[in-house]
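The values are calculated or read from the model by the stated rules, or taken from the named source; none is laboratory data. Everything quoted here is computed from the prediction, not taken from an experiment. Here the Cβ positions follow ideal geometry from the backbone for every residue, glycine too, while neighbour counts run over all protein chains shown. With ligands, DNA and RNA removed, areas are computed over all heavy atoms of the protein, side chains included. Shrake-Rupley method; radii C 1.70, N 1.55, O 1.52, S 1.80 Å.
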Amino acid sequence: LVITPDGKELVSGCFDAMIKIWNLQERKEIWSISAHTNCVISLSLTTDGEHLISSATDGIIKVWNLPHRAVEYSLRNPSNLLKATISPDNSQIICAGSDNSVSGWSFRTIPKMTRLQGHTHPVVDLDTTPDGKKIVSASYDNSIR
């Protein structure tokens, strides 16, 4: 789940591969789409609320233009995704994978993927420091890096 910066809408991702947008004041669904081929596992919004990043267990990350309700581009992670997020400065899309790694792409230019390795088991969660300069990851290997 993620709430838009203006607090008016909630975006949800589901096990049925659907993404739905809800009007919070009216408590009604206002948009839905079959967004992925597998379970949607994470959603993240840019700080301006203009772009939604969705990820699914099939390894696909989609970047949506939220006002237009359209996919701008898709990325493929080399392994199944367990989480994807965007850095606080909106510069990087960062993903946790089942291959024990953290991957990242430039949000604006998408030139290439960067992979960080060090865990011995799948990475299950991640976040960035508020300045976006450091990534913190948690793994089934009982470590935080």
Options D99, D89, D58; residue that is under 18 Å from N38 (Cβ atoms), out of contact with any helix residue (DSSP H, G or I) (no Cβ under 8 Å at 6 or more places or on another chain) and open to solvent by 40 Å² or more (accessible area, probe 1.4 Å): D99
Considering residues of segment 108-121 that are at pLDDT 75 or above and open to solvent by 90 Å² or more (accessible area, probe 1.4 Å) only, the residue farthest from S143 (Cα to Cα): R108
Number of the exception - I53 against (1) closer than 19 Å to W105 by Cβ; (2) of a type outside the set (D, E, K, R); (3) part of a loop (DSSP other than H, G, I, E, B): (3)
Output for segment 1-35, where each listed residue is open to solvent by less than 40 Å² (accessible area, probe 1.4 Å) and either within 23 Å of R108 (Cβ to Cβ) or of a type in the set (K, R) (or both): V2, T4, V11, I19, A35
Selection status of V124, open to solvent by less than 40 Å² (accessible area, probe 1.4 Å), under 27 Å from E50 (Cα atoms) and assigned to a strand (DSSP E or B): no
